[in-house]
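Trainee: Structure provided below as structure tokens; questions to follow.
The values are calculated or read from the model by the stated rules, or taken from the named source; none is laboratory data. Treat the numbers as computed from the prediction; the structure is a model and nothing was measured. In this analysis, Cβ positions are derived from the backbone assuming ideal geometry, glycine residues included, and neighbour counts consider all displayed protein chains. Surface areas here come from the heavy atoms of the whole protein model, side chains and all, with no ligands, DNA or RNA. Shrake-Rupley method; radii C 1.70, N 1.55, O 1.52, S 1.80 Å.
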Amino acid sequence: MYPFLVLLAAILWGMTGTAQTFLDDGVSPIAVATVRSAIGGGLLLAMTILLRKFNFRKWSWKWTILAAASIALFQGLFFSSIRLTGVAIGTVATIGSAPVFSGVLEWILWKTRPTKVWGIATIMAILGCILLFVNNGEEAIHMGGIGLALCAGLSFALYTNISKKLMAQEEALPAVAMTFSICALFLLPFSISGGFSWLAVAHNLWTMLFMGIMCTSIAYLLFLNGLQKITSSTAVTLSLAEPLTAAILGVFLVGEYLSVTSWIGVVMLLGGIVVLTFGGRKKI
């Protein structure tokens, strides 16, 4: 059950790219991340306060602030890498490196050695991710952008490992609420210069509400609930369903084209996810 919660979260994250196509051109990606975090975190924060699930004095502030900083850093680094490398290369470098970083961090920080099942599934999924984007026309490789993408992958791995600690002390609802509310505050100084007047346009507002509620509030609630019973490295590998979802939605909703090589990548990504979801129940 718990791996499926993470998979559902990744599927919702994968809808973000398609949703952004409904926004007006020229809207800053950092502004989108700020508003998305503010809506997602603010809505849950209001619910948390109403349900009295938040204790200011006893709250795990250290882990919450670290989680908020790491997810804010992830969004900033990822969007910056995309601008330098293009969507395909930036996505592959970020999403593909995150499971490796997570497995290493889990081993170093928590002394949890990755399993053979995780290793096989991760290799399959990363290769699938590379094949998925290899023929999309992005040829320029900006080494600085690759560096930013790798740092973004490390940041997401850090967020997952830190959230694992946070979830050992707090419930998922207030944890997501506080993390993303603080994340929005961290991102605000980098997005305020461009303004938020674009939210006055109806389709921009509805798109951001969808991204804030479905792709942030609900998605991260699912992710953190699933994270309670599976390892951080497993959760990050399962999150590779995000680019898979984005690619499939791009084909069927946006009219994008996938080559034969890309479809092989889709199959490998699915295979890696299936191996990790079902193979983790057995020892290799």
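Trainee: Which one of these is over 23 Å from Leu77 (Cα atoms) and open to solvent by less than 60 Å² (accessible area, probe 1.4 Å): Leu209, Leu205?
Mentor: Leu209
Trainee: How many residues, within region 14-60, are open to solvent by 70 Å² or more (accessible area, probe 1.4 Å) and either under 26 Å from Ile192 (Cα atoms) or in contact with a His (Cβ under 6 Å, 6 or more places away or on another chain) (or both)?
Mentor: 5
Trainee: Could you give me the residue pairs with C-beta distances under 6 Å whose first residue belongs to region 98-117 and is part of a loop (DSSP other than H, G, I, E, B), whose second residue is buried (at least 20 other Cβ atoms within 10 Å of the Cβ) wherever it lies, and which are 6+ apart or on separate chains?
Mentor: Once the first residue is part of a loop (DSSP other than H, G, I, E, B) and sits in region 98-117, its partners that are buried (at least 20 other Cβ atoms within 10 Å of the Cβ) give Thr112/Glu106; Pro114/Gly103; Pro114/Ser233.
Trainee: While we're looking at this one, here's another question. Consider His203 against the criteria (1) over 20 Å from Phe4 (Cα atoms); (2) assigned to a helix (DSSP H, G or I); (3) modelled with pLDDT under 90; (4) not hydrophobic (A, V, I, L, M, F, W, C): it satisfies all of them except one. Which criterion is unmet?
Mentor: Of everything listed in (1) over 20 Å from Phe4 (Cα atoms); (2) assigned to a helix (DSSP H, G or I); (3) modelled with pLDDT under 90; (4) not hydrophobic (A, V, I, L, M, F, W, C), His203 misses just condition (3).
Trainee: Hey, another quick one. Within 30 Å of Ser259 (Cα to Cα) and touching a residue at least 40 places away in the same chain (Cβ under 8 Å) - does that describe any residue in region 178-198?
Mentor: So far as region 178-198 goes, no, none of its residues is within 30 Å of Ser259 (Cα to Cα) and touching a residue at least 40 places away in the same chain (Cβ under 8 Å).
Trainee: Being within 28 Å of Val35 (Cβ to Cβ) and in a loop (DSSP other than H, G, I, E, B) is the requirement here; does Glu170 meet it?
Mentor: yes
Trainee: Considering only residues that are of a type in the set (Ser, Thr, Tyr) and at pLDDT below 95, which ones fall in region 36-59?
Mentor: Result: Thr48, single match.
Trainee: Filter region 238-270 for residues that are outside any helix (DSSP H, G or I) and modelled with pLDDT under 85; which is farthest from Cys215 (Cα to Cα)?
Mentor: Filtering region 238-270 for residues that are outside any helix (DSSP H, G or I) and modelled with pLDDT under 85, the one farthest from Cys215 (Cα to Cα) comes out as Ser259.
Trainee: Now for a different question. I want to confirm something. Restricting to region 155-187 and keeping residues that are touching a helix residue (DSSP H, G or I) at 6+ places or on another chain (Cβ under 6 Å) and over 18 Å from Leu227 (Cβ atoms), which single residue is most open to solvent (accessible area, probe 1.4 Å)?
Mentor: Phe186
Trainee: Now for a different question. So which of Leu205, Leu227, Leu269, Leu276 ends up being among the aliphatic types (A, V, I, L, M) and over 20 Å from Ser97 (Cα atoms)?
Mentor: Selected residue: Leu205, the only one of Leu205, Leu227, Leu269, Leu276 that is among the aliphatic types (A, V, I, L, M) and over 20 Å from Ser97 (Cα atoms).
Trainee: A follow-up question, please. Among the candidates Ala93, Ala72, which residue alone is assigned to a helix (DSSP H, G or I), crowded, with 20+ Cβ neighbours inside 10 Å and at pLDDT 85 or above?
Mentor: Ala72
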